[in-house]
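Coordinate-derived values only; no laboratory data. Predicted model, so just to flag it, every value in this text is computed and none were measured. Counting neighbours? That spans all protein chains shown, and the Cβs are built from the backbone with ideal geometry, glycine included.
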Amino acid sequence: MTEQHMRTAEYVSRYMTLTKETMPQLARTSHQHWPVQNDHCFQRIVLDTVCGGTWYDHIARPAYKHLTKDQALRAVALCDRIIAGETDLTRLNIQSFAWRGKLRKGSD
């Protein structure tokens, strides 16, 4: 495994931990105002935002196996900004649904 690939894998691993564990836990405890709680919802919102549209139109499935280093780095940075309250998760969720033609009221 090359150093470049290992570094990408580290970013992907961090993204997966943030969206599968950290953010859902925060949504159930200190960040209950967030519009989502499930890991796949965080992944949808983050990847759609990173891609500027529906993620699976830009990244092969499963996404975590096909993220570029830049995409993974941007995903981690976005997760960190959401957690810190510097980026509005509700706004990103609404935009994600808009890209998908599925604007809904309430949480998912």
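Here the convex hull built on the C-alpha positions of the chain has a volume of 91 cubic angstrom per residue.
For the pair Asp57 and Arg91, a Förster radius of 25 Å applied to the C-beta separation gives a FRET efficiency near 0.75, rounded to the nearest 0.05.
Protection proxy ranking, highest mean first, for peptides 62-68, 21-27: 21-27, 62-68, where packing is the per-residue count of other beta-carbon atoms within 10 Å, averaged. Of all complete DSSP H helices in the chain, those with a Cα span along the helix axis of 15 Å or greater and a mean Kyte-Doolittle hydropathy of -1.0 or more are 39-51, 69-83, 89-100.
Rounded, prolate or oblate: pick one for the stretch 25-72, where a ≥ b ≥ c are the square roots of the eigenvalues of its C-alpha gyration tensor, a/c under 1.5 means rounded, and failing that, prolate if a/b is larger than b/c, else oblate. Verdict is prolate for the stretch 25-72.
Between His40 and Arg28, residue separation times 0.36 nm minus the direct Cα-Cα distance comes to 2.8 nm. Stretched out straight at 0.36 nm per residue, the stretch from Lys20 to Trp99 would grow longer than its current Cα-Cα span by 26.2 nm.
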